[in-house]
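Each remark here refers to the structure printed beneath this line.
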Amino acid sequence: MITNLKNKNMDDKFYKKGFFLLMFICLTFVSQAQEKFTINGKITDKVTGEDLIGATIYITAISTGTVTNTYGFYALTLPKGSYQLAISYIGYQSTTEKVELNADKTLSIALAPNDKQLEEVVVSTERRDRNITSTEMGVEKLSMKQIETIPVLMGEKDVLKTIQLMPGISSASEGSSGFTVRGGDVDQNLILLDEAPVYSASHLMGFFSVFNSDALKDVSIYKGGIPANYGGRASSVLDITMRDGNNKQFAASGGIGLISSRLTLEGPIIEDKMSFIVSGRRSYADLMGKAINVLDNDMDLYFYDINAKLNYKLNDKNRIYLSGYFGKDDFGFGDFGMNWGNTTGTVRWNHIFGSKLFSNTTALYSNYDYGFKLGGDNNMASGIEDFSFKQDFTYYMNPNNTMKFGFISNYHIFNPGEFHFSNNDSVQSTEIVLDKKQALESAIYFSNNQKISSRLSADYGIRFSLFNQLGQGWNYSYNEANERIDSTFFDKGENIQTYYGIEPRLVLNYRLTDASSLKGSYNRMSQYMHLLSNSTSGQPTDTWMPSTSIVKPMTVNQVSVGYFQNFFNNNLEFSVETYYKDMQNISDYENGADIMLNADIEAQILSGRGRSYGAEFYLKKKYGKLNGWISYTLSKTENKIDGINNNNWYSASYDKTHDFSIVANYDINKRSSFSATWVYNTGNAVTFPSGKYQYEGKTLEYYTERNGYRMPDYHRLDLNYHLKGKEHKKFSTSWDFSVYNAYNRKNAYTITFQESETNPGQTEAVRLSLFGIIPSVSWNFNF
Amino acid sequence: MKQLTILIMALSSLFFTACEDVIEIDLNSSTPAVVVEGNIVYGKTAQLKLSYTSNYFNNETSEKIEDVKVTLTNSKGETEILTHLGNGTYQGKTIVGEANTKYGLKVELKDKVLEGSTSILSKIELESLSFIPATGNMPPRPGNVNLNDSNPKYQIQINFTDDTLQENYYLFRIKQNNQKSEFGDILMADKIMPNTGIVTFSPMMYQFAPGDTVDVKIYSLDNETFDFYNQLADISGGGMGPGMGGMSTPYNPESNMGYNVLGYFSAWSAIDTTFVFVP
């Protein structure tokens, strides 16, 4: 009896608790008792018909609003009544629409670009106080306009170089498009182009990114507080959206630069229904180099890429998008050389169920491969291929709750490497083909963006990820000497290894005043793919491999707290964010590991822990003649891997204690502007010798600590002068004159220790500086 | 076209911006570590050099370790004390390198004792050496003096015996006209060569012309020694050129003589031949 009583008490408590929990969850549903209707639609550009991402729809009278999603779609559910909708988007003329809401309605609005934009250059398309009000944290958004004016290496506008000027994001090495985010290695960044993963984002050995800015619409990078709809990489998500193409009139734009030329064609196929965009780029440094006898005629050194997109609006509820990217690099001499490239393809179908449920169904293809030509018929190749299917829903339940849920299933095929060698006389031929590896990576997620009170809002969610390494293939186990001791063969489709991850995500925003807020976030990420790389900067020869029974998935837990404050009527934004990140199962190699064509590379991978913590300061002036930002990051990133550095903690090679950027743009007049960036950072952590010794007649270096030294501090000033040509009715041109490394700082790309040529027997440190002062010019046109 | 002229002028300045210069770097001075360079070769007695590491920018010769007791043993139960010849060099007299034998080395320093072992596997024998027309065209490079002419090029083809009953590990050192190759040592193990009793090795990166002096050394190593030389090649940047994956973070190749010891006690049987190429 006593037991029963206890049980009864517990049951009562449980029901009471359950009741309150239910009450809490239902709080936002209570008002549903009133009669409500939904208004939805798209916000587009009046001139080009492009969807506007992040446009604001606001009803001042009831202090309620929403923003458009990636497809320009919005939905608002409100009690029956009469409302005045204010629609705004920075750089466009705001408009108001009166709506009598007595039934579900569709209201699509086209905003006209603001002519004043030319006078008041804005470096953002966001709502003025969005940084304070949104539940986004650790997110940087870039407009293409911003990217346009920032001076970069050899005048090539570059998304990946520009994001490196943001706090918490730093360059992997000089001039490189490889980047690290909050202490995560270069392989921990998920790079999406129209939702398709891009595995190698670099052209010309990493000096240029594969993204042609002319074809892009929107760029967002998530450093922390990563929403539940993203997953698969441990540190960050770079989400890039391609433009849809002008659906009002035919347009062409392009430019001639020092390294490459580009051309974009776009226009309607059926006006307001179907449009296309094709954008291409080809470098010609090789052609020019040969012309001025700097490069040998047998030398190949070029890249090209093509972005193409087609969209078709079937009706107000259905729209289909086809987009693709194809890029290739070729670098070589005669019969020898290497080439690499990405291909992606995306098919998407947007459908609106009822008035509140937005659906996006996606089928994706992504391929990355690289190959070596080794003379004659000899060659080597490696790569990765993805086929995926994705379903995303956004449910605009009411103005206080927007839910996202969906699933993704991604089938990876890894080609770790194949080598074909044959002699002229055919007596000898060798073929080394490593077994392909297959994996199915799946996830389901749910998240809700909830306005809890007038001051408190939250974005919370959970992602469940599942990873299956599949046959056909062998699974090996190894002894301490890395010799195979056991092997099992798995048939096609048979499960070799399963991993799963439960990944909670949370961002809380407490609005302190109209101009300030306090935010906190937590996210857990799982990564089931690993990049085999010997370089720190991300090179095309890096090879991807899946998690296996030996190489465990990486998991990262990150907490972050930030204070956001705007000054002068939101004209000046300030934020400070601090973070701590714990990384489990990060990997490195045993000394002397052969990465290429090694079927047993798994046995040579060491795994351990990493940690990173830091503070990011950001001051941004978005409006006025003088605009730009200052960012400063103070951070520390360390790893501890058994088998390296006597099992002690050591600095990650990309650890930079101080990382400082200033970006300034000054509009001189309607036709010209001047911009400058200055960057300063602590040199990368490196391993230098602390002694030397003789072995077999050679002088060898003696190392006492991994990454115990620092490269010299890095700093550089870049300048750009932008000049618009005279206005023609249907034609406009502009020039960009830029100077990279304006004061010719000799930043060290590498430091090597070698015997002095002038004083034999004496060892000296030799610095290689890659880029001195580099002037460049580009000419752009638009009609 | 005006635009094009401006572009070409600006482009011509691009290719000359990289530069190298000598800079001052402060390197920590480290506590000297022991360096062992010991070796026993098939048919010969053991040799050993003992020294300490020195400061990196120090030009003086490193300190040698003299008059310590060094004992060599083998798996047949034989033992000998190596004689100190002076200047940190020690020499064996009685134990001669033999096939399929394991050797142990013990060095008794004042503050610690170092011990390690190594093996000579089966003896390898040269079967034939020939030249075949070269596969593909190698880019011209310094030291490859005959490559810029249009005469036919050849690559060497070496055949030697290989024990099919064991895992074999080889190191090849090929010199052309007495110049070391920029490719460094070539290391190959059975796992990437067919273990059929005869190894045919024909490296395409060496291209020869008639009249070239060719020096071929092939060492048969045990697994651990192979790993050591593999690490040595790795930190020397040998084997791979730029763009072939780059060099890993530098480290000390792992010695078989104990923790925080540099160098190695190695053993091998070898093929060593020098000749002038006459077609």
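Summary table
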{"item": "Residues being over 30 Å from A:Tyr528 (Cβ atoms), buried (at least 17 other Cβ atoms within 10 Å of the Cβ) and among the basic types (Lys, Arg) - total across the range A:449-466", "result": "1"}
{"item": "Breaking point among (1) more than 24 Å from the chain's Cα centre (by Cα); (2) more than 23 Å from A:Val139 (Cα to Cα); (3) away from chain B (no Cβ under 14 Å), for A:Asn627", "result": "(2)"}
{"item": "Single unsatisfied condition, A:Lys670 versus (1) farther than 21 Å from A:Lys157 by Cα; (2) within 14 Å of chain B (Cβ to nearest Cβ); (3) among the charged types (D, E, K, R)", "result": "(2)"}
{"item": "Test: residue in the range A:27-46 that is surrounded by 20 or more Cβ atoms within 10 Å (Cβ to Cβ), at pLDDT 85 or above, closer than 20 Å to A:Ile240 by Cα and among the β-branched types (Val, Ile, Thr)", "result": "yes"}
{"item": "Selection count, the range A:467-496, where residues are over 33 Å from the mean Cα position of the chain (by Cα), buried (at least 16 other Cβ atoms within 10 Å of the Cβ) and free of Cβ contacts under 8 Å to residues at least 40 places away in the same chain", "result": "1"}
{"item": "Given (1) within 26 Å of the chain's Cα centre (by Cα); (2) at positive phi, index of the condition A:Gly334 fails", "result": "(1)"}
{"item": "Subset tally (residues that are assigned to a strand (DSSP E or B) and crowded, with 17+ Cβ neighbours inside 10 Å) for the range A:279-299", "result": "5"}
{"item": "Any hit, the range A:485-498, residues being part of a loop (DSSP other than H, G, I, E, B), closer than 30 Å to B:Glu167 by Cα and of a type outside the set (Val, Ile, Thr)", "result": "yes"}
{"item": "Check on A:Thr704, out of contact with any strand residue (DSSP E or B) (no Cβ under 7 Å at 6 or more places or on another chain) and within 8 Å of chain B (Cβ to nearest Cβ)", "result": "yes"}
{"item": "Residue within the range A:602-613 that is at pLDDT 95 or above and of a type in the set (A, V, I, L, M) present", "result": "no"}
{"item": "Residue in the range A:399-413 that is within 14 Å of chain B (Cβ to nearest Cβ), more than 27 Å from the chain's Cα centre (by Cα) and buried (at least 17 other Cβ atoms within 10 Å of the Cβ) present", "result": "no"}
{"item": "Subset of the range A:673-696 that is within 8 Å of another protein chain (Cβ to nearest Cβ) and either without any contact (Cβ under 8 Å) to a residue 40 or more places away in the chain or among the polar types (S, T, N, Q) (or both) - its residue that is farthest from A:Glu755 (Cα to Cα)", "result": "A:Thr687"}
{"item": "All positions within the range A:247-268 that are touching a residue at least 40 places away in the same chain (Cβ under 8 Å) and among the aliphatic types (A, V, I, L, M)", "result": "A:Ala251, A:Ala252, A:Ile256, A:Leu258, A:Ile259"}
{"item": "Residue within the range A:194-203 that is touching an Asp or Glu at 6+ places or on another chain (Cβ under 8 Å) and within 26 Å of A:Thr750 (Cβ to Cβ) present", "result": "yes"}
{"item": "Residue match in the range A:322-344 (condition: closer than 20 Å to A:Tyr445 by Cβ and touching a Ser or Thr at 6+ places or on another chain (Cβ under 6 Å))", "result": "no"}
{"item": "Single unsatisfied condition, A:Ser359 versus (1) within 24 Å of A:Glu156 (Cβ to Cβ); (2) surrounded by fewer than 19 Cβ atoms within 10 Å (Cβ to Cβ); (3) away from chain B (no Cβ under 13 Å)", "result": "(1)"}
{"item": "Filtered residue count, the range A:58-104, keeping only those that are crowded, with 18+ Cβ neighbours inside 10 Å and either in contact with a His (Cβ under 7 Å, 6 or more places away or on another chain) or not in a strand (DSSP E or B) (or both)", "result": "8"}
{"item": "Test: residue in the range A:684-706 that is out of contact with any Lys or Arg (no Cβ under 8 Å at 6 or more places or on another chain), closer than 30 Å to A:Ile662 by Cβ and modelled with pLDDT of 90 or more", "result": "no"}
{"item": "Cross-chain or 6+ apart pairs with Cβ under 7 Å, the range A:758-783 first and facing another protein chain (nearest Cβ under 8 Å), then of a type in the set (Lys, Arg)", "result": "A:Arg767/A:Lys746; A:Ser769/A:Lys746"}
{"item": "Residue list for the range A:637-671, filter: part of a strand (DSSP E or B) and among the hydroxyl-bearing types (Ser, Thr, Tyr)", "result": "A:Thr637, A:Tyr650, A:Ser651, A:Ser661, A:Tyr666"}
{"item": "Flag if A:Tyr499 is surrounded by 15 or more Cβ atoms within 10 Å (Cβ to Cβ), in contact (Cβ under 8 Å) with a residue 60 or more places away in the chain and under 25 Å from A:Ser549 (Cα atoms)", "result": "no"}
{"item": "Lone qualifier among A:Thr704, A:Thr699, A:Thr733, A:Thr750 - being surrounded by 14 or more Cβ atoms within 10 Å (Cβ to Cβ) and in contact (Cβ under 8 Å) with a residue 60 or more places away in the chain", "result": "A:Thr699"}
{"item": "The one condition in (1) touching a residue at least 12 places away in the same chain (Cβ under 8 Å); (2) within 13 Å of another protein chain (Cβ to nearest Cβ); (3) surrounded by fewer than 18 Cβ atoms within 10 Å (Cβ to Cβ); (4) not aromatic (Phe, Trp, Tyr) that A:His715 fails to fulfil", "result": "(2)"}
{"item": "Residues satisfying the stated conditions in the range A:546-597, i.e. over 14 Å from A:His530 (Cβ atoms) and within 14 Å of another protein chain (Cβ to nearest Cβ)", "result": "A:Glu590, A:Asn591, A:Gly592, A:Asp594, A:Met596, A:Leu597"}
{"item": "Residue in the range A:554-562 that is aliphatic (A, V, I, L, M), modelled with pLDDT under 95 and crowded, with 21+ Cβ neighbours inside 10 Å present", "result": "no"}
{"item": "Given (1) surrounded by fewer than 18 Cβ atoms within 10 Å (Cβ to Cβ); (2) within 17 Å of A:Phe179 (Cβ to Cβ), number of the condition A:Lys625 does not satisfy", "result": "(2)"}
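The values are calculated or read from the model by the stated rules, or taken from the named source; none is laboratory data. This one's a predicted model, so the numbers in the text were calculated from it and none came from an experiment. When we count neighbours, we look across all protein chains shown, and the Cβ atoms used for this are built from the backbone with ideal geometry, even at glycine.
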